[in-house]
Amino acid sequence: MADDQQSRLAKITGMLAALVAAAVVTKVVNMAWESASGHKPPRADDEDAGLSEVVVAAALTGALVAAARILATRGTAKFAARVNTNRG
């Protein structure tokens, strides 16, 4: 496999890992929020939720999803580099 193809494969794998990580973190945050508050996290278009609750839910979810995506992308890049180094 050419280096260009390996690079593309690593990028695609990194993107997929980031998407999966984001989905998992979102699910975990939703479950934790529901467990702690007794209801699902509010959405921006939820008229029953207070502004502060919407902002906290959005900030918490956004920060954790961003961190998970970064960790997944970096982990995939490190794994791809290690595989390429071991290949020769």
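The values are calculated or read from the model by the stated rules, or taken from the named source; none is laboratory data. What you see is a predicted model, and the numbers here were worked out from it, not measured in a lab. Cβ atoms come from the backbone with ideal geometry, glycine included; neighbour counts cover every protein chain shown.
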Margin query: So if I check each of R8, R87, R43, R74, which one is charged (D, E, K, R) and within 17 Å of the chain's Cα centre (by Cα)?
Written below: R74
Note to self: Being of a type in the set (A, V, I, L, M, F, W, C), free of Cβ contacts under 8 Å to residues at least 40 places away in the same chain and either part of a helix (DSSP H, G or I) or within 15 Å of N30 (Cβ to Cβ) (or both): is that true of A80 here?
What the structure shows: no
Next item on the list: Please name all residue pairs, on different chains or six or more residues apart, with Cβ atoms under 8 Å, provided the first residue is in region 54-70 and is more than 11 Å from V29 (Cβ to Cβ) and among the basic types (K, R) and the second residue is at pLDDT below 95 and outside any helix (DSSP H, G or I).
Entry: none
Next item on the list: Could you list all residues from region 41-77 that are closer than 23 Å to A22 by Cα, of a type outside the set (A, V, I, L, M) and part of a helix (DSSP H, G or I)?
Entry: E53, T61, G62, R69, T73, R74, G75, T76
Item checked: From the options G38, G14, residue that is out of contact with any helix residue (DSSP H, G or I) (no Cβ under 6 Å at 6 or more places or on another chain) and of a type outside the set (S, T, Y) -> G38
